[in-house]
Structures are given as C-alpha cells and as structure tokens.
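A.B. asks: There's a structure below that I have some questions on.
Throughout, read-outs are computed from the coordinates displayed, never taken from laboratory work. All of these numbers come straight from a predicted model, not from anything done at the bench. Please note: Cβ atoms are built from the backbone with ideal geometry, for glycine as well, and neighbour counts cover all protein chains shown.
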C-alpha cells in the first residue's frame, strides 16, 4: 500500500478565512512533505517534517502554518491567503528524510478569492 | 542552485508510437525518479533508479540512470491514449535530502 490521502479535494476560501488541509499516510513513513504546484509547473517544496519535527521550511510566508500531530498526519493551516496562493497543494511521504522515493497524495486544489 | 533540464517540453504523437524523454543536470545525482501526473491529481511514481547505469522497466516503460550520473531518460513503447499526462523527472544528490524536479514533459496521444 503506497497511498497518501488528502482532504479536501477542492477548497475555495476568501482572503480573511481560516482553513486547514489534511494529509494522512499509513505506510509507517517518518518523513512528510508539503508542496505547492502551479499549473504546468513542477511541484515546489514548502515544508519537510522528519519524525514529527519540522526540519525544512523553504522560506514560506507565515500565512501557511504546518502541523504534524503524529507520525501519520500532516496538516497545513491557512490564514489570510492571497489570490496568488491559489494552486494545487500536494502532500508526500517517504520512509525517512534520507529515503529518496516520495509518494504523493492526490492534492487539494485551492482557490483563493 | 541546481536545475534539471527536461526535454522535450511537450510531445504530440500518434497512438502506437514510441516516446522518449530525458533529463539532464549540471551536477551529479544519486537517485533519479520518474513520475506521471494526470490533470488535477498528484504525481504517481513510475520508476525509481538508484545506481549509475541502471536500466529498469515497468511494463511499457523503461528508464535508465545515465553513466555520468548527470542524466536519465524515460522511454514509453507502443503509446496508448491513457499515457496522456505530464511526466516529471526528479533527482536527489548527496548534498541535500530534497528532490529537484524537471520542468515536465506534456505528452498528448492521438488515437
């Protein structure tokens, strides 16, 4: 089983809203990732969690706040987003941070109005 | 920073034709991965390569890890309509633990 699940699949929010994206994996992976992907572009890394601790933040604005409640779950809290934040948000996991093979979830398509 | 150059950017082929795409890097990589992404979905891992010179197949797909460790190619034989999508290469080197992605190859197949 190489499944990473993400909810919701689609999200529309206003610039003053607070919302959260959720990601879950039950493969026993200890590294989890958030990526942002714009249309026709490759995924761009946002955050990396390793053993439930934030290990990489790729200079992401503070209106994006990640959280890793346990080894299977990864959240991305959104607040005061801008229209240019509209994108596909992808979660991925790997065995650990040194393991190259990452498995991606289906993504959440976010539209900020 | 390092970049992966993926080519071609797009291909429009006839069903049944073979397809080839490649990625090159200015620096050495230890791992090459090939993903396929359908519209509105996440990338799906097709093939992972861990050793220079390695040639790996997955059904009609074949990928190779270049001997110089700076390139990789993906071939698709006898293309079918469901091969349509965007194919991304991704690589990882020793210096960091993160993947670097190529720009993607958009494949369109005409029935």
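A.B. asks: Given the conditions (1) surrounded by fewer than 13 Cβ atoms within 10 Å (Cβ to Cβ); (2) closer than 20 Å to residue A:43 by Cβ; (3) more than 12 Å from chain A (Cβ to nearest Cβ), and given that residue B:39 satisfies all but one, which numbered condition is not satisfied?
C.D. replies: All conditions pass for residue B:39, except number (3).
A.B. asks: Can you name the residue in segment A:104-113 that is surrounded by 21 or more Cβ atoms within 10 Å (Cβ to Cβ) and within 7 Å of chain B (Cβ to nearest Cβ) and is also farthest from residue B:30 (Cα to Cα) among such residues?
C.D. replies: A:107
A.B. asks: A further question on this structure: Of the conditions (1) surrounded by 13 or more Cβ atoms within 10 Å (Cβ to Cβ); (2) within 14 Å of another protein chain (Cβ to nearest Cβ); (3) within 16 Å of residue A:40 (Cβ to Cβ), residue B:11 fails just one. Which one is it?
C.D. replies: For residue B:11, the exception is condition (2).
A.B. asks: Turning to a different aspect of this structure: Yes or no: residue B:27 surrounded by 18 or more Cβ atoms within 10 Å (Cβ to Cβ), in a loop (DSSP other than H, G, I, E, B) and more than 14 Å from chain A (Cβ to nearest Cβ)?
C.D. replies: It is false that residue B:27 is surrounded by 18 or more Cβ atoms within 10 Å (Cβ to Cβ), in a loop (DSSP other than H, G, I, E, B) and more than 14 Å from chain A (Cβ to nearest Cβ).
A.B. asks: Sticking with this structure for a sec: What do you reckon, is residue B:75 assigned to a strand (DSSP E or B), within 22 Å of residue A:44 (Cβ to Cβ), in contact (Cβ under 8 Å) with a residue 12 or more places away in the chain and touching a strand residue (DSSP E or B) at 6+ places or on another chain (Cβ under 9 Å)?
C.D. replies: no
A.B. asks: When you scan segment B:56-70, do you find a residue that is in a strand (DSSP E or B), touching a helix residue (DSSP H, G or I) at 6+ places or on another chain (Cβ under 8 Å) and crowded, with 17+ Cβ neighbours inside 10 Å, even just one?
C.D. replies: no
A.B. asks: Could you tell me whether residue A:44 is surrounded by fewer than 17 Cβ atoms within 10 Å (Cβ to Cβ), closer than 25 Å to residue B:48 by Cβ and within 9 Å of chain B (Cβ to nearest Cβ)?
C.D. replies: Criteria met by residue A:44.
A.B. asks: I need the full set of residues from segment B:77-111 which are more than 26 Å from residue A:38 (Cα to Cα) and surrounded by 14 or more Cβ atoms within 10 Å (Cβ to Cβ), in order please.
C.D. replies: Answer for segment B:77-111, where residues must be more than 26 Å from residue A:38 (Cα to Cα) and surrounded by 14 or more Cβ atoms within 10 Å (Cβ to Cβ): B:77, B:79.
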